[in-house]
Structure formats: C-alpha cells, structure tokens
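Report on the following structure.
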There are 2 protein chains.
Amino acid sequence: MACAPACFPAPGPLCVSPFIATDPVWQEKAQASVQLPNGEAAKELVREEESRDFSHLGSPPKLSRRGQDHASKITPFWNTFDCMLNDGFHPDANEGGIVNMGIANNSLMEDELLEYMHNNFKIEAIDLTYGSSLFGSTRLFQALCTHYNSADFSPKVPVLPKHILTSPGCGPLLDQIFEHLADPGDGVLVAAPCYNGFEADLTTRSKVHCIPVHCPKDKGHGSEAFNFEGESALRGFEEAIKDSESKGIKITSIIVCNPNNPVGRCYDRGALLAYGRFAAKHGLHLVFDEIYALSTFPTKDVDKPQPFISALNIDWADESGLHPGYVHILSSASKDFGLNGFRVGTFVSQHNETLVGAMKMTCKLYMVSSPADALFSSLLLNQDYLQGFIKTNRLRLAEAYDFVRSWCLHHKIDYTPSNAGHFLLVDLSRFMPREIQGRELEGREAESALWAKALDEKVCITPGFNYHHPEAGTYRLTFSLKRPCLIEGLARLEKALGLPPWL
Amino acid sequence: MACAPACFPAPGPLCVSPFIATDPVWQEKAQASVQLPNGEAAKELVREEESRDFSHLGSPPKLSRRGQDHASKITPFWNTFDCMLNDGFHPDANEGGIVNMGIANNSLMEDELLEYMHNNFKIEAIDLTYGSSLFGSTRLFQALCTHYNSADFSPKVPVLPKHILTSPGCGPLLDQIFEHLADPGDGVLVAAPCYNGFEADLTTRSKVHCIPVHCPKDKGHGSEAFNFEGESALRGFEEAIKDSESKGIKITSIIVCNPNNPVGRCYDRGALLAYGRFAAKHGLHLVFDEIYALSTFPTKDVDKPQPFISALNIDWADESGLHPGYVHILSSASKDFGLNGFRVGTFVSQHNETLVGAMKMTCKLYMVSSPADALFSSLLLNQDYLQGFIKTNRLRLAEAYDFVRSWCLHHKIDYTPSNAGHFLLVDLSRFMPREIQGRELEGREAESALWAKALDEKVCITPGFNYHHPEAGTYRLTFSLKRPCLIEGLARLEKALGLPPWL
C-alpha cells in the first residue's frame, strides 16, 4: 500500500468486505456517456472489441520490470479513491455522494476563490507558449518573492527568483528533490506520525526509502506537544540513523513537515534548531514542507499556541551550525490557498546553486500550467485582497476546528489539540469492530474495518496506519469542509460509530 | 548535451564564443526587481549574504550521484535558452528581442486563442480540489473522447475514458511511458532525423536510451518522401536492432513521430503497417507521437500530400499481425491548439489495461492543472468553434510555409518540402563559417558556429545536430510565427548568412 492515494487503509481482505463496494458506478457511467459523431454509444462497440481473441498473435505484451512492479500496486482501492472524487457529497446536487473527510482539501474559501478567479482571469500571449522560463514565469517568480519576503515568512535572507523553482505541486517536487539528494535505496527520515504522501512521492520514481521515526514507546505516540519543542522533537532520530545504517540504508536527508501533517502543530524555534544541529552533525539535508504555513488558527485548546516559524526565518549557520546549503523549502498553492487542483508547487533553496541548477533537468519535464500560474500570481500580488483572504481563512479554520472539537467533547472522543492545518487526529479505537464474519479482529485489521464501515455510510476518514501512527484506532479527520458538508459527515460518522446524533 | 532544451547546438567551445553573450541581462533584471515590504532592494542584501564564508561549517553539501550527474549537464546554454524565452521579439513592445525560429511554437492563432480563453474561462468548485479523478477530469475525458472519436482520427475502436490518462504535456508522458515499457539501460528506436526532445524525455529520469535509426548512407538523409512510404520507412531498423543487441542494449519499443518532427511529413498507411509488422516480429511496443495530428496543410510543393493517418485508424491485429496491446498514442494541447503553456498531454492505449493501470502510479504524481483542463475541454467540446479554428490554423500554416518557401527559393536555399508541422528543414551548409580565430571549422563545429552567429543577430534556429541529422548544415526553421515576427526573423537570418534582403 506504499504508493496508494492518501486516504487508504492497511491492506488485507477485510478492507473490501463486507462494508465497501469495489465496483464504482461512476466508471461505467463515464464510459457509457461517450457518443460517436453518428450518435452511436461507443461503449457497445468497445465491448465487441473486448471480446476479440488475439491469442494467435502470441502472449500479451509485457511491461518492464519496474512497470510490472507498478502494475502490481494498483488495487481496487484506486477505483474507490476515484469514486470518492467523482461522487462527492453536495447538499443539493448530490445528497447521496461521499463526504470526504479523508483528503486534505479546504473548501472554506471556495465561494471567494471562484469569484476571484472568474473576475481576475488574464493571460498574455506568452502564456500560450513556453512562458518566460522553463522553471516558472517571471510573473510567478515576482509573486512568490513578494509572498516569501512578507512577514508570514520573515526570511533572514530575502528570497530572489534565482532561489526558486516551480513544478505542478509539492508531490512532483518531493519526487525530484530526492532524486537529487539521495540515490536509489538511500533513506530519508521523517518524524512519525507523518503524511503518507511522502512515501508515495519518494518511492514511486526516485526509489528512496521514507523512514518514519517514532519516539520511544514509553513517551507517547508522537503527537504530543513536546514532540514539537526543543531537543525532544528529535527523540528517536539518533536510533533511527543507527538502525538504518545497520540495514545498509544510507540516510541523506530529513523531511520536516511544519506545520505538521497529520498532527496540526508547529515546531518551536528550539525544535527547528535541534533539527539543524542534528543535520550538521550527520551531514544531512533538511527539506521543510511548509505547505500549511498560513493555515494556523487560534484555538481554545492551547494556551499559547506555537505560531509558524519558517525555515527561511532562521540563520542556520549562526543559530545551529548547519551549512545553509543543506536547507530547502517546499510550498504550494494547494493548502493555504485552497487550490489543490491548480498544481503549483514551489521549491526554495537559497544557498545551494548546484542543487537549484541540477533540479532544472527534471523541472523542465514537469512545468507549471500557465493559466494556473497567472491566477495564482494574481492572487499573491493582490496584497489587499490576499491579507483579507488569509485572515478570513484562519477564522473559518478556527470555527470549523471548534465545531469538530465540540463534537468530540460531546461524544467523549479523545483528540489531539492542534492549531494548524485542515484536520485533527481522533482516537476512535473504542469503536473498531472486534470481529467480522465470526473472526476476531485486532490492530490494523480492526482499524481498516472501521474505515470501511464509515465508507459504507458514505463518509471517508483516514486510518492512522496511513500516517505510521503507532497505535491502531487513531484517524485523521478533515474539518475544513463547508458547514452543511461537515454536519452531514459527522452525522454519518455517528452512524458508523453507533453513536446517537449530536445535533 | 543530451538533455538540453530543444534549440541548442552541439557542445564545444565555439558555441559560446565569440558570437554569443552568455550572461543574459534578464536574470539580473529579475533579481533586481524584487523589493522588500520596506522598499529595500532585496538583491543588495542577498549579495552581502553571498559573500559570507561558511567554510568553518565544513565542505558544501553534496548531491546524490544522479543529482551530480544532472548538475554536470547544466551549461551556460540553459541560461541562453531562458534568455530567449524572456527576451522574445515583439514588433512594438520589444524590437530588440530574439526572434525564436528555434522552438516549435505556433503563434498564428494567438489572437483567437486569447479571445476564446478570456470569453470562456469557467471553473467549478471541484476544480479547486483534486478534480473528478487523479488522472484527468471527467470533463476532460469527455472532451478528449469527442476529439479522438472525430473524423480527424477515425478510430477503428471508439476511444473511451478508460483508455486515456493525462499529464502536464507529452514530455512527462514520454518520461513515464518508457519507465513502464523499458528498464534502465534498455533502448528505444526512432527514425532519424528525430525530435531531440525524445532523448531528454527518455534519459533524464527513466534512463532509457533513445537510439536514432539512420537509413543506409547511400540512400539520403532520412527526410526524403520514401522514408515515409511503405517498407522503405523501415530501412535501417533491422540493422539498428542487431547493432543495439551487440552492444547489450535491449530494444523494447519504437517511437513513431507522425506527422514527423522535424521533417514535416506524414507516414502513409503502408509505412505504418510496416512498423506494425516489424514490431510484431521483434515483440516491440509502438509509441505514436501524434502531437501534430491536425497541423497538416496544403502545399504547392507536394503533388498528392499524404494526409495524416492516426494509429487509432488501424486494426493492428488484422492489418499487420501486431497484438494491439503494443500500440500507444500520445497527443497534447501544445501544438495543434497552440497551447504549449497549458501543459495538457494525453496518453491513449486501447488494448493494454495493465499498462494504463500501472501508469496511474506515476500519473498521480504529475497531474494536469484544472484551469487548463477546463479551458482545453471547453475548446474541444465547442465543435462549431473548433472546426473553424482548425481550418483557419491550417490555412495560416500553409501561408506561413509558403512565405518561408519563397524566401528559400529566392535565396536558392535547399529545403525539404513538407505538409505538416510548424517548421521545415533547410540546408544552410554553404553559409557555415569555415574558420574562427584562425582555426578551421568542420562539421558540427561549423554548424554550431552558424547557430551562434544567427543568435548574435538575435534570431534562433536549430542545428541539425539536435535532430541527429546525418549531415552538418541542416537547420530546422519554425515558420508558424506572426507575420511581422517572421519577416524580422528572416531578415536577421539574411544578415547572419550574409545575404541581401529579400523584401
């Protein structure tokens, strides 16, 4: 399941049965809707073709070894994931659709964004061709410099266009960075629980191991506040290095996800500097995933919530003894701006010209699309609008978080207090099915079974297995849904959990 | 120079001196334009930082072996390429800019496209999130089915959504396909002269050799009509297989570029079937690059110009004995629709569910951007508009081709008659500098020197080395420029060639 989409359960027969349909209707619908110019339904003709026998032409063509490896990883869940995207709940248009509390999508600013995009769409002749460079347009670079040089990031050294590369999202950037920072079979450390996309992004093409680092077992499950403070953030890392080395895996880098996905917390300065010292000691690159940089919000749960501190705000050499050429930062339009579909990711490295140069070899393959480039640039450069947008977004995130928090408190469901991101971790272990078809369930199997049960009620949540959470029964719940959708999702979850309605 | 952008010369010291500036002004300009919130110029502060000494922190960080390999391939020409993009000629706005007759960009429909895009921009809420699938939206699949099921492609078997995947352009699709059809070190054959992007797309990530196949030396240079007709299209391929095998390179596939880049011709049915028989004999995949499918045009040069025949229009099993699971087709919004910057590429495979499935593993990393998806879908689904658009585009291509053809005839410059694409091959061998700084030049060095000389006159053309053209002195000239730009480009080229003005 290493490379599955983001809200998939652990593998095992219990994930598909008996709760969840594996033959999504949308696929058939999509095929059935295709009409030929003469009005014939294309699907029928294709069905005839599919019954043709080509066995006289020898065995069917083979894929490469790596192609076969990819083929073996495609399971029915991929269809399920597409089904979730295709059949999303809408209070008016699709009441029977799935409420997706599994993916990190922020719909809270949807109306404002659609209005802004329609009012501000403007492309130039150069947008029809390859743009002003292969690595991002002059316009986008200017917009990103304004963004990174703002108070939100407060960079020690101003960000210039030559520090930046772009690509269609953070996924392809992670894929590319680790091709350049690690060789096949090398490893990258990341504190657990961790965003499961890292693994997919690192292993699929670059063949780099993403190694979750768990804090010592007697010290909790990695989502406690002290895992984000000072030296204690690094607990487990020395052991992880030794352990990897003993397995012949060379560690070249660490990913630091700040604000953290899935925990929803920010690292304090002490923790960031501890990472710096550790990286300096072992000669490791630090790749900061700052995709939720502006998605912090006030919360009643935390007395003094830790604000976001960008890696750009640190003088790595003076403050932690790390050569700043080891420090690289990722961000994107996807999360803070609610623009997952636009596919605009940003890579910033201010002291490593060689890496920025080398990355051009691959960035040239995966370019940002010009209409998205134009629209995102417009948003970033429209400072008056942007400031209001960010402020409103934070308020709505806070409201949505509080809503789900109240739901948890009402049902006495434990959750991890957080002040950033689009989700929170909840402990649903007591609701996990204990048996299925007469067979006892434990651990990950039980966790997956509850995931499937929720999906059967048409609400998707993400099991902790996906995040290497050490304890079965913790799930990530996205709360940045529009209110009617969030209410419906929680109501369905109550059904799946066998709880009486809250509202 | 294997992975350089598309209009680069052969390597060698003569490419950078004495004709061409290697320190493009635009880079400096881009850095200089960045202002901090307090109004300070960011560049000055960065300059201070750049003079800091980090040597006490040990040696600068290293890249992975493959990262170092990429770094070694970045030459000053990459800056030059960006410079060309940044500093494009415009008759009013940038008279001193570079006329780019080196890249395949079609500006002939620019005004219509900009008008259409501004009048038809419409995105939905789902476009802000991951869309209706990770591999292309339902809307785009529907539009592409309409496109492929039209008379232009006349598919034997109707194209359904399940046959299609999308990614940001044909480059990333080639990169991905060959990861699935070949293992590192395997080879792919392609008739020479051939589009140089294939090499960059295949080698950079997938580490697959792109092997140009030259026809026997006594039979011309591969751009003659008979290289696109019947069995003769395959001359040299048997030998290429043997030669590769003797070097330990396993050939898994052939790329067929139809209409052909850089020759500008279409293969006849006999040639396509010859490819099919050859593929069946050797168990090879056929990957058709049909990116110029709709860019054929009438021309006075050719009596009965060969129209485009899509691989979709062939019953590979019955007509050539090839298992149809070996046949895969690429296309894109870039060329036929003049939308290079939109980054929408399409992969179609109708009889190989395993490959389509496996490709999802990588396509998920590189997704199409939703505003481009929405706009391109709109264009494809607006049949009334689209038919007029394609017709007008063909007429303008014909006019532009005729214009450059007349220029060639006037100057007695040999060229390869063509009826497709955005360019033609011209023989400028007699204009190549014979010596430089007292040293005699020959072959590729002389070819590069003329490229540099032209660039010094601020016009870019592409040397035949880039296309594995067997004879030095052949260049690819893009003619799909707006008329004032084309006139200026040819005038500058006359200067570089030492010719009197035509107009």
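Go through the range A:103-117 and give me each residue that's more than 7 Å from every other protein chain (Cβ to nearest Cβ) and farther than 23 Å from A:GLY197 by Cβ.
A:ASP111, A:GLU112, A:GLU115, A:TYR116
Filter the range B:303-346 down to residues that are in a strand (DSSP E or B), closer than 21 Å to B:ILE390 by Cβ and either over 23 Å from the mean Cα position of the chain (by Cα) or of a type outside the set (S, T, N, Q) (or both), then give me how many there are.
3
Every residue in the range B:266-288 that is within 14 Å of another protein chain (Cβ to nearest Cβ) and open to solvent by less than 10 Å² (accessible area, probe 1.4 Å), please.
Result: B:GLY276, B:ALA279, B:LEU284, B:HIS285, B:LEU286, B:VAL287.
Take the range B:59-111 and flag every residue that is in contact (Cβ under 8 Å) with a residue 40 or more places away in the chain, assigned to a loop (DSSP other than H, G, I, E, B) and farther than 30 Å from A:ILE123 by Cβ.
B:LYS73, B:THR75
Since B:LYS281 meets every condition but one in (1) without any contact (Cβ under 8 Å) to a residue 12 or more places away in the chain; (2) in a strand (DSSP E or B), which condition does it not meet?
Failed condition: (2).
Only one of these conditions is not met by A:GLY357: (1) in contact with a Leu (Cβ under 8 Å, 6 or more places away or on another chain); (2) at the interface with another protein chain (Cβ under 8 Å from one of its Cβ atoms); (3) part of a helix (DSSP H, G or I). Which number is it?
Looking at each condition in turn, A:GLY357 falls short on (1).
For the range B:284-296, give me each residue that is over 19 Å from the mean Cα position of the chain (by Cα) and either within 27 Å of B:HIS422 (Cα to Cα) or in a strand (DSSP E or B) (or both).
Passing the criteria: only B:HIS285.
In the set B:PRO60, B:PRO91, which member is closer than 30 Å to B:ARG492 by Cα, open to solvent by 40 Å² or more (accessible area, probe 1.4 Å), more than 23 Å from the chain's Cα centre (by Cα) and not aliphatic (A, V, I, L, M)?
B:PRO91
Filter the range B:202-231 for residues that are in a helix (DSSP H, G or I) and in contact with a Cys (Cβ under 8 Å, 6 or more places away or on another chain); which is surrounded by the fewest Cβ atoms within 10 Å (Cβ to Cβ)?
Ranking the qualifying residues of the range B:202-231, first place goes to B:THR203.
For the range A:435-478, enumerate the residues that are part of a strand (DSSP E or B) and touching a residue at least 60 places away in the same chain (Cβ under 8 Å).
A:ILE436, A:VAL459, A:CYS460, A:THR462, A:PRO463, A:THR474, A:ARG476, A:LEU477, A:THR478 - these are the residues of the range A:435-478 that are part of a strand (DSSP E or B) and touching a residue at least 60 places away in the same chain (Cβ under 8 Å).
Tally up the residues in the range B:480-503 that are in a helix (DSSP H, G or I) and not charged (D, E, K, R), please.
10
So for the range A:289-303 (the condition being closer than 25 Å to A:TYR475 by Cβ, of a type in the set (S, T, N, Q) and open to solvent by 10 Å² or more (accessible area, probe 1.4 Å)), does at least one residue qualify?
Within the range A:289-303, one or more residues are closer than 25 Å to A:TYR475 by Cβ, of a type in the set (S, T, N, Q) and open to solvent by 10 Å² or more (accessible area, probe 1.4 Å).
Quick one: count up the residues across the range B:169-200 that are open to solvent by 10 Å² or more (accessible area, probe 1.4 Å) and more than 23 Å from B:TYR267 (Cα to Cα).
Going through the range B:169-200 one residue at a time, the tally reaches 4.
Kindly establish whether B:GLN35 is at pLDDT 85 or above, open to solvent by 80 Å² or more (accessible area, probe 1.4 Å), within 29 Å of the chain's Cα centre (by Cα) and within 12 Å of chain A (Cβ to nearest Cβ).
Considered against the rule, which asks whether it is at pLDDT 85 or above, open to solvent by 80 Å² or more (accessible area, probe 1.4 Å), within 29 Å of the chain's Cα centre (by Cα) and within 12 Å of chain A (Cβ to nearest Cβ), B:GLN35 comes out as no.
Residues of the range A:371-388 being open to solvent by 10 Å² or more (accessible area, probe 1.4 Å), assigned to a helix (DSSP H, G or I) and not charged (D, E, K, R), which ones?
Selection gives A:SER378, A:LEU381, A:GLN383, A:TYR385, A:GLN387, A:GLY388.
Limited to the range A:182-208, what total is found for residues that are of a type in the set (A, V, I, L, M, F, W, C), within 11 Å of chain B (Cβ to nearest Cβ) and within 30 Å of A:ALA225 (Cα to Cα)?
3
Provide a single number: the residues in the range A:39-85 that are more than 30 Å from B:ALA151 (Cβ to Cβ) and not β-branched (Val, Ile, Thr).
Result for the range A:39-85: 26.
Any residue in the range B:48-57 that is open to solvent by 20 Å² or more (accessible area, probe 1.4 Å), more than 10 Å from chain A (Cβ to nearest Cβ) and over 30 Å from B:HIS422 (Cα atoms)?
yes
Of the conditions (1) of a type in the set (A, V, I, L, M, F, W, C); (2) touching a strand residue (DSSP E or B) at 6+ places or on another chain (Cβ under 7 Å); (3) within 11 Å of chain A (Cβ to nearest Cβ), B:VAL157 satisfies every one except a single condition; which number is it?
Result: B:VAL157 fails condition (2) only.
Do we find a residue being without any contact (Cβ under 8 Å) to a residue 24 or more places away in the chain and farther than 18 Å from B:SER480 by Cβ anywhere in the range B:289-304?
So far as the range B:289-304 goes, yes, one or more of its residues are without any contact (Cβ under 8 Å) to a residue 24 or more places away in the chain and farther than 18 Å from B:SER480 by Cβ.
Pull up the range B:243-254, narrow it to residues that are more than 21 Å from B:LEU322 (Cα to Cα) and not polar (S, T, N, Q), then point me to the one that is least open to solvent (accessible area, probe 1.4 Å).
Ranking the candidates gives B:ILE249 first.
Quick check, is A:CYS257 at pLDDT 95 or above, under 28 Å from A:GLU353 (Cα atoms) and open to solvent by 10 Å² or more (accessible area, probe 1.4 Å)?
So A:CYS257 fails the test.
The conditions are (1) in contact (Cβ under 8 Å) with a residue 60 or more places away in the chain; (2) among the hydrophobic types (A, V, I, L, M, F, W, C); (3) assigned to a loop (DSSP other than H, G, I, E, B), and B:LEU365 fails exactly one of them. Which is it?
(1)
Are there any pairs, at least 6 apart or on different chains, whose C-beta atoms fall under 9 Å, with the first in the range A:215-242 and of a type in the set (A, V, I, L, M) and the second surrounded by fewer than 21 Cβ atoms within 10 Å (Cβ to Cβ) and in a loop (DSSP other than H, G, I, E, B), and if so, which?
Pairs found: A:ALA225/A:VAL302; A:ALA225/A:GLN306; A:ALA225/A:PRO417; A:ALA233/A:ASP268; A:ALA240/A:HIS214.
Determine whether B:ALA240 is out of contact with any helix residue (DSSP H, G or I) (no Cβ under 8 Å at 6 or more places or on another chain) and of a type in the set (Gly, Ala, Ser).
The answer is yes for B:ALA240.
Search the range B:119-135 for residues being over 22 Å from A:MET101 (Cα atoms) and either touching a strand residue (DSSP E or B) at 6+ places or on another chain (Cβ under 7 Å) or within 7 Å of chain A (Cβ to nearest Cβ) (or both), and hand back the single one that is most open to solvent (accessible area, probe 1.4 Å).
Restricting to residues being over 22 Å from A:MET101 (Cα atoms) and either touching a strand residue (DSSP E or B) at 6+ places or on another chain (Cβ under 7 Å) or within 7 Å of chain A (Cβ to nearest Cβ) (or both), the top hit is B:PHE121.
Condition check ((1) open to solvent by less than 30 Å² (accessible area, probe 1.4 Å); (2) under 24 Å from the mean Cα position of the chain (by Cα)) across all residues:
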| site | (1), (2) |
| --- | --- |
| A:ASN393 | yes, yes |
| A:ARG396 | no, yes |
| A:ILE413 | yes, no |
| A:LEU428 | yes, yes |
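In the range B:72-87, which residue that is open to solvent by less than 30 Å² (accessible area, probe 1.4 Å) and facing chain A (nearest Cβ under 10 Å) is farthest from the chain's Cα centre (by Cα)?
This residue is B:CYS83.
The values are calculated or read from the model by the stated rules, or taken from the named source; none is laboratory data. The model shown is predicted, which means the values in this text are computed figures rather than measured ones. Cβ: placed from backbone, ideal geometry, glycine included. Neighbour counts: every protein chain shown. The accessibility values were calculated without ligands, DNA or RNA, using every heavy atom of the protein model including side chains. Shrake-Rupley method; radii C 1.70, N 1.55, O 1.52, S 1.80 Å.
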